[in-house]
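The next block holds one structure in the form of structure tokens; read it before the comments.
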Amino acid sequence: MSGAIERGEFCPKCKNYIPRFLALNEIEVKALRAMRPADAIKELRRKTGCEIVTAKIWVVHPTGPHPARIRPPCPYCGELLFSEKSKQCLKCGWDWHNPEKPIRHSTKSLNETARIAKKKLRWQRIWRARVLKGIAIGEKAIAEGRVLSHEEAKKKLKRWLT
Ligand SMILES: [Zn+2]
Ligand SMILES: [Zn+2]
């Protein structure tokens, strides 16, 4: 069965339109929402024949669009802060982690902090890519039968030892 997909609400956070599956009734939607994400994606695709991306977008929005990030203005200079939880302003350098004793960083030290954060992020990305590659190689080896089971390894070792 394949049903029409309608472009639903726009999610400003992930910049996607949440699809609406016209062929699904309320009971089916409820059942899908109760499933684990991976299962829901599979089932949704089986039911509607939609693309995996479409199914994913639908699954990650169980209650409509993601709430937008609230960015209050800096109390010192009015620049929009990074998030609601921000306790410092990158524009003017004021830092009110301790509200009793706000301090002002020099823009030089702010730039340095930003530079370090960027570098750390870059390394995290490289590291993650390496780990993923390692996993992929391991999976390939298993798929090709190049990895010995524990029992096989023990047998082989015994032959060497005796
Ligand atoms: Zn979203
Ligand atoms: Zn500011």
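Can you tell which of E43, E26, E9, E51 is in contact with a Gly (Cβ under 7 Å, 6 or more places away or on another chain) and either of a type in the set (S, T, N, Q) or over 30 Å from W96 (Cα atoms) (or both)? Among E43, E26, E9, E51, only E9 is in contact with a Gly (Cβ under 7 Å, 6 or more places away or on another chain) and either of a type in the set (S, T, N, Q) or over 30 Å from W96 (Cα atoms) (or both). Out of all the residues in segment 45-52, is one or more within 16 Å of ligand 1 (Cβ to nearest atom), modelled with pLDDT under 95 and out of contact with any helix residue (DSSP H, G or I) (no Cβ under 7 Å at 6 or more places or on another chain)? No; the residues of segment 45-52 include none that is within 16 Å of ligand 1 (Cβ to nearest atom), modelled with pLDDT under 95 and out of contact with any helix residue (DSSP H, G or I) (no Cβ under 7 Å at 6 or more places or on another chain). Pairing residues of segment 45-74 that are within 16 Å of R7 (Cα to Cα) and assigned to a helix (DSSP H, G or I) with residues that are away from ligand 2 (no atom under 16 Å from the Cβ) and among the basic types (K, R), at Cβ distances under 7 Å and at least 6 apart in sequence or on separate chains, gives I52/R45; A55/R45. Taking the numbered list (1) of a type in the set (K, R); (2) exposed (fewer than 11 other Cβ atoms within 10 Å of the Cβ); (3) in contact with a His (Cβ under 9 Å, 6 or more places away or on another chain) in turn, K87 passes all entries but (2).
Does segment 53-96 hold any residues that are within 16 Å of ligand 1 (Cβ to nearest atom) and among the aliphatic types (A, V, I, L, M), and which are they? Step through it out loud before you land on a result.
Going residue by residue through segment 53-96, those that are within 16 Å of ligand 1 (Cβ to nearest atom) are 53-70.
V53, A55, I57, V59, V60, A68, I70 - these are the residues of segment 53-96 that are within 16 Å of ligand 1 (Cβ to nearest atom) and among the aliphatic types (A, V, I, L, M).
Given the condition within 16 Å of ligand 2 (Cβ to nearest atom), at negative phi and out of contact with any Pro (no Cβ under 9 Å at 6 or more places or on another chain), answer yes or no: does some residue in segment 124-146 qualify? No, the conditions are met nowhere in segment 124-146.
Here G78 passes the criteria (1) among the small types (G, A, S); (2) loosely packed, with under 12 Cβ neighbours inside 10 Å; (3) not in a loop (DSSP other than H, G, I, E, B) except the one numbered (3).
The values are calculated or read from the model by the stated rules, or taken from the named source; none is laboratory data. What you see is a predicted model, and the numbers here were worked out from it, not measured in a lab. Neighbour counts are summed over all protein chains in view; Cβ atoms, including those assigned to glycine, are modelled from backbone coordinates with ideal geometry.
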